[in-house]
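So the structure is just underneath, and the comments pick up after that.
The values are calculated or read from the model by the stated rules, or taken from the named source; none is laboratory data. This one's a predicted model, so the numbers in the text were calculated from it and none came from an experiment. Every residue, glycine among them, receives a Cβ derived from its backbone with ideal geometry; neighbour counts consider all protein chains shown.
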Amino acid sequence: MRKVLIADSSEDARNFLKELIFDPGITTFEAATGAAAVETAFAVFPDVVFLDVVMPDMTGWEVMDSIRKSKKLRNTPVIFCSVVPARQAETDQGDKKKVRTCGRSSRTKH
C-alpha cells in the first residue's frame, strides 16, 4: 500500500488532490498546517508528499527542509502544488530559484 501525504491549508485543494490520485492501493494522509505536515511525515513516512507553498504557520520550503533532515525521508519526492494568481507566478522569481536550488524544475502554467 502506497502512502501519500497531502499538505495544504485549503480543504478544497486537499480534496481535489485526493480525488485526482484516488486508487485503492493508495492511502492518503492530510495536513492543514506545516507543523501537521512535518508531524505526519515523521509518523507515517509517506512515499510522496504533495505540498502547498503557502500555509499559515510555515512555508512549504520550511516543511520540506524539516522533512529533508530525516535520513528516512531525505529522498521522499515532494511535489509542490500551490494556487497563486498568474501575475504573482510570473514575477515570483525567488521561489523559482529555490525550486532549482533543490534540484527540481519549475513550471508556470497560464
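Total residues in segment 1-46 satisfying the condition of being assigned to a loop (DSSP other than H, G, I, E, B), of a type in the set (A, V, I, L, M) and more than 12 Å from the chain's Cα centre (by Cα): the figure is 2. Reported count of residues in segment 15-51, each being touching a residue at least 24 places away in the same chain (Cβ under 8 Å) and of a type outside the set (A, V, I, L, M, F, W, C), is 9.
For segment 21-50, the candidate set comprises residues that are under 18 Å from Lys69 (Cβ atoms) and of a type in the set (Gly, Ala, Ser); within that set, the residue that is surrounded by the most Cβ atoms within 10 Å (Cβ to Cβ) is Ala37.
Taken over segment 52-86, residues that are assigned to a strand (DSSP E or B) and either farther than 17 Å from Arg2 by Cα or in contact (Cβ under 8 Å) with a residue 40 or more places away in the chain (or both) amount to 3.
Of all the residues in segment 1-42, those that are more than 18 Å from Val63 (Cα to Cα) and of a type in the set (Gly, Ala, Ser) number 1. Looking at this structure, is Val49 assigned to a strand (DSSP E or B), modelled with pLDDT of 95 or more and under 11 Å from the mean Cα position of the chain (by Cα)? Yes.
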